[in-house]
Each structure stands twice: as structure tokens, then as C-alpha cells.
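Asker: Handing you this structure, nothing more for now.
The values are calculated or read from the model by the stated rules, or taken from the named source; none is laboratory data. Please read these numbers as outputs of a predicted model, since none were measured by experiment. Heads up, the Cβs are rebuilt from the backbone with ideal geometry, glycines too, and the neighbour counts pull from every protein chain shown.
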Ligand SMILES: NC(=O)c1ccc[n+]([C@@H]2O[C@H](COP(=O)([O-])OP(=O)(O)OC[C@H]3O[C@@H](n4cnc5c(N)ncnc54)[C@H](OP(=O)(O)O)[C@@H]3O)[C@@H](O)[C@H]2O)c1
């Protein structure tokens, strides 16, 4: 059983991570800005108030945990872009402050920087809307930042090109920096199977200090 502090538990991806972690018997502290938004009830669930952009808030909830997970961001507005890289820096600072007792850090990343079969990157595709490009590059900047961090046990998990609520099959394929595609060139993962992969990473610690990605 792992002790997990989870930012973004009210979100599309974070709520699936919360359910998967609770179903597997882990103890979760959901860190939310507004506790009224979290309707989930479970004997292994504690709710704390916090803001991912405040390193002291991160440090406070990270204390005594095995891992801090962040699934923050979201929406089409400027708040999404503005959250991603500052959140990465705040999460690292808050976890790092605990020194030898620092938990691991696992963050939900983006698919934009992944390599495509034609040797380019996802964000090089023609016709992507500006708001999406900005989100992709914000995740790319956050990943560049994580890659400079050597004193915190971080992992960044990029979804497939498309992630949406769907079925929990319990199976998935992984790669490091290459987009996972199917036989038709499509890259997708259900949010439920993404959560399976993330909780597997909590349990197995196969990707400390690196980014990996998951597709169906
Ligand atoms: N293919 C891809 O690469 C891909 C696709 C989808 C998503 N993503 C990434 O995955 C992440 C999660 O996406 P999502 O669709 O699950 O988002 P979502 O449903 O909009 O949820 C976002 C979550 O972040 C929380 N949050 C935002 N700012 C916060 C802050 N300052 N402090 C604490 N919590 C904060 C929100 O809490 P509140 O309830 O308080 O608002 C909410 O729980 C995003 O970074 C997104 O870019 C990547």
C-alpha cells in the first residue's frame, strides 16, 4: 500500500487515477482547491486543501507520503497554459524541501513533444489550433525543466495523442519518447487505462528520472 498525495483529483484524468488507486488499496490524500467539488467518499481517502502553484502547500501535503501525483491543468483557457510549467517548479520545490524524506513525484504530461513515426514531433503537425500548441509547448517546457532535476525522483507520464474517458481494459503499451500508435497510425488511450499505467508506475517505479508514454 502506497501513501499518495494527488493534485487534480476532481479532473478528468485525476479522478480516474483516484479511483484506480483506491480500488487497489492505496491511501490517497486528494489535494483540492475547493473540497466541495470532490464527491468521492472512501475509507482510504482524505481530502486536503491546497494549491499546486504554492510550494509551501505542496511541501505540507507531501509530508509523510510515498508519492505526490499531479494531474493539474485543464480547459481551453489561458489558466491551463499558465499552470503547467509553474506547477512543475512548485511541485519540485515543495517535494525537494523534504530532503531525504522527499516522496517521489509523478506528473501527467503532454503528448506534443513525442516523436512521430515520420521523425517529427506531435506538435509539428499542420493545422493544430493555437491554444493546443500553447498547451503542448507548456508541457514540453515543463519536461525540459524536469530533465534538469537530479535531486527529486520525478516521472512524467505523457498520454497518447488522444485521451478520453472510456473503458478500463487493464492493458496498454509504453514507450519513452516515441508516440505509441496502433496499426492505423492512431494514438489513443482511455483515461481509465492511463490511470492503470500511472498506478502501475507508483507500484513498480520503472521510470524514475524519465518521461514515458502510454497508448492502447
Ligand atoms: N494528449 C495529451 O497530451 C493530453 C490530453 C488531455 C490532458 N492532458 C493533460 O493532462 C492534465 C489534466 O488534464 P484533464 O483533462 O484531466 O484536466 P481537467 O479535467 O480540467 O482537470 C484539471 C484539474 O487540475 C486542477 N487544478 C488546476 N489548477 C490547480 C491548482 N492551481 N491547484 C490545484 N489543482 C489545480 C483542477 O482543480 P479544480 O477542480 O479546483 O479546478 C482539476 O482537478 C493537463 O495538464 C492536460 O494538459 C494531456
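Asker: Identify, please: which residue in the stretch 98-119 is closer than 22 Å to residue 189 by Cβ, modelled with pLDDT of 95 or more and in a loop (DSSP other than H, G, I, E, B) and is, among those, farthest from the ligand (Cβ to nearest atom)?
Answerer: Going through the qualifying residues, I end up with 116.
Asker: On the given criteria, is residue 95 away from the ligand (no atom under 13 Å from the Cβ), within 23 Å of residue 194 (Cβ to Cβ), assigned to a helix (DSSP H, G or I) and touching a helix residue (DSSP H, G or I) at 6+ places or on another chain (Cβ under 7 Å)?
Answerer: Spelling it out, residue 95 is indeed away from the ligand (no atom under 13 Å from the Cβ), within 23 Å of residue 194 (Cβ to Cβ), assigned to a helix (DSSP H, G or I) and touching a helix residue (DSSP H, G or I) at 6+ places or on another chain (Cβ under 7 Å).
Asker: Every residue in the stretch 30-43 that is in contact with a helix residue (DSSP H, G or I) (Cβ under 6 Å, 6 or more places away or on another chain) and more than 13 Å from the ligand (Cβ to nearest atom), please.
Answerer: 42
Quick grid of which residues meet (1) crowded, with 19+ Cβ neighbours inside 10 Å; (2) under 19 Å from the mean Cα position of the chain (by Cα); (3) in contact (Cβ under 8 Å) with a residue 40 or more places away in the chain:
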| residue | (1), (2), (3) |
| --- | --- |
| 56 | no, no, no |
| 62 | yes, yes, yes |
| 71 | yes, yes, yes |
| 88 | yes, yes, yes |
| 93 | no, yes, no |
| 96 | no, yes, yes |
| 103 | yes, yes, yes |
| 107 | yes, yes, yes |
| 125 | no, no, no |
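Asker: Give all pairs with beta carbons closer than 6 Å in which a residue from the stretch 132-153 that is part of a loop (DSSP other than H, G, I, E, B) meets a residue that is more than 10 Å from the ligand (Cβ to nearest atom); count only pairs at least 6 apart in sequence or on separate chains.
Answerer: 149/92; 152/92; 152/95; 152/96; 152/105; 153/104; 153/208
Asker: Name the one entry in 30, 82 that is over 30 Å from residue 184 (Cβ atoms), modelled with pLDDT under 95 and within 18 Å of the chain's Cα centre (by Cα).
Answerer: 82
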